[in-house]
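The following block contains the structure, expressed as structure tokens.
The values are calculated or read from the model by the stated rules, or taken from the named source; none is laboratory data. Note that the structure is a prediction, hence the values are computed from the model and not measured. Positions of Cβ are generated from backbone atoms using ideal geometry, with glycine treated the same way; all protein chains shown enter the neighbour counts.
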């Protein structure tokens with residue numbers, strides 16, 4: 001994945017600016033832009049117009065990976081534009097609630113929003129397809145669908161109806177199955193559980209007997225601590241450790257059947273987007289594409305570190321969902337999706353595109369990456385002591 005990192009994002013002649021646009025260099029870029037404006041004004045020319053945009057997020061301020069990714073995106077845009085487009089980030093609750101991001105961007109009270117599309121299932125049944133589908137595309141596969149399988153065009157069409165321009169801007173990779181306060185040994189153990197499960201996973205859990213609860217990530221710890229939740233699907237080891245979820249639940253389940261590759265979104269008010277000059281549009285798209293890769297790389301690295309820490313230092317009990325449970329979840333997910341698309345032509349068209357792309361890549365992934373990973377596991381397992 002390294003060879004992709006920043007290449008496409010910075011291939012519009014902006015590479016040098018982006019690579020020097022971190023930390024103190026952001027201030028230098030702003031200073032250079034101001035000096036250039038002053039020079040132009042002294043030569044009898046008007047300085048470049050500057051804009052200040054608000055970016056609201058569904059994440060706590062500076063939250064690892066998610067919140068810090070939004071910060072980096074804002075820094076990139078500000079620096080790459082030479083200060084012509086300044087972006088200020090607001091964490092969940094600072095300007096609007098976590099679940100108010102979509103409406104804030106739609107009505108223009110914020111120009112941009114960083115979130116996950118499956119939070120907006122109540123706006124349109126097709127929105128979850130642009131974050132994660134149970135037993136669906138992995139991170140690299142959903143990136144490929146969006147960029148080469150028609151996904152971006154369908155997303156533009158869907159969000160355009162709400163006055164929003166969407167862009168991919170991050171991916172957590174394959175998530176975990178969630179935290180449980182008691183072991184799950186059968187389907188009966190899931191029935192009656194109050195579980196935080198966003199997107200399509202919530203309805204699937206409901207159909208097999210659980211009680212899904214929708215809430216922002218910032219409320220999960222307290223809800224688990226007080227017993228308002230019996231289980232919770234948040235993200236993965238990196239973010240779950242940061243929230244301290246190991247302190248309120250002993251059992252950590254895998255695989256992440258509900259979110260095999262959860263894509264994050266950068267939403268932009270469409271009127272504001274359309275009014276941008278072409279070079280600033282290119283900068284915003286490049287910054288989003290760069291951050292899309294950066295966040296994925298960050299999660300891959302830190303999830304590995306955090307999982308080891310959870311198990312070795314905090315005594316977290318790692319468990320695999322029983323086959324019986326996984327098969328029922330898959331069967332139910334198919335029913336939920338078919339019911340969802342049956343009543344909405346646009347949702348049906350989007351899912352048909354998604355499903356067709358998945359079917360087209362599965363054979364290659366099976367003989368290439370999946371088989372390579374299976375062999376790697378076999379070889380490494382033989383080298384383990386005992």
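Kindly indicate whether any position in region 222-243 is in contact with a helix residue (DSSP H, G or I) (Cβ under 7 Å, 6 or more places away or on another chain), more than 27 Å from residue 290 (Cα to Cα) and either surrounded by fewer than 22 Cβ atoms within 10 Å (Cβ to Cβ) or without any contact (Cβ under 8 Å) to a residue 12 or more places away in the chain (or both).
No, region 222-243 contains no residue that is in contact with a helix residue (DSSP H, G or I) (Cβ under 7 Å, 6 or more places away or on another chain), more than 27 Å from residue 290 (Cα to Cα) and either surrounded by fewer than 22 Cβ atoms within 10 Å (Cβ to Cβ) or without any contact (Cβ under 8 Å) to a residue 12 or more places away in the chain (or both).
Those residues that are crowded, with 21+ Cβ neighbours inside 10 Å and either in a loop (DSSP other than H, G, I, E, B) or touching a strand residue (DSSP E or B) at 6+ places or on another chain (Cβ under 8 Å) (or both), I need them from region 126-142; list them, please.
126, 130, 131, 132, 133, 134, 136, 137, 139, 142
Mind listing just one residue for me: the one in region 110-124 that is more than 15 Å from the chain's Cα centre (by Cα) and free of Cβ contacts under 8 Å to residues at least 40 places away in the same chain and, of those, surrounded by the fewest Cβ atoms within 10 Å (Cβ to Cβ)?
Among them, the one singled out is 122.
Please pick out the residue among 339, 297 that is surrounded by 13 or more Cβ atoms within 10 Å (Cβ to Cβ), out of contact with any strand residue (DSSP E or B) (no Cβ under 9 Å at 6 or more places or on another chain), assigned to a helix (DSSP H, G or I) and at pLDDT 95 or above.
Going through 339, 297 in turn, the sole match is 297.
Right, next: Being more than 23 Å from residue 238 (Cβ to Cβ) and free of Cβ contacts under 8 Å to residues at least 60 places away in the same chain is the filter; apply it to region 173-205 and report the residue that is surrounded by the most Cβ atoms within 10 Å (Cβ to Cβ).
Filtering first and then ranking leaves 205.
Please tell me if residue 333 is surrounded by 16 or more Cβ atoms within 10 Å (Cβ to Cβ) and either at pLDDT 95 or above or outside any helix (DSSP H, G or I) (or both).
Working: surrounded by 16 or more Cβ atoms within 10 Å (Cβ to Cβ): yes; either at pLDDT 95 or above or outside any helix (DSSP H, G or I) (or both): yes.
So residue 333 passes the test.
In addition: Could you tell me whether any residue of region 143-165 is surrounded by 15 or more Cβ atoms within 10 Å (Cβ to Cβ), part of a strand (DSSP E or B) and touching a residue at least 60 places away in the same chain (Cβ under 8 Å)?
There is at least one residue in region 143-165 that is surrounded by 15 or more Cβ atoms within 10 Å (Cβ to Cβ), part of a strand (DSSP E or B) and touching a residue at least 60 places away in the same chain (Cβ under 8 Å).
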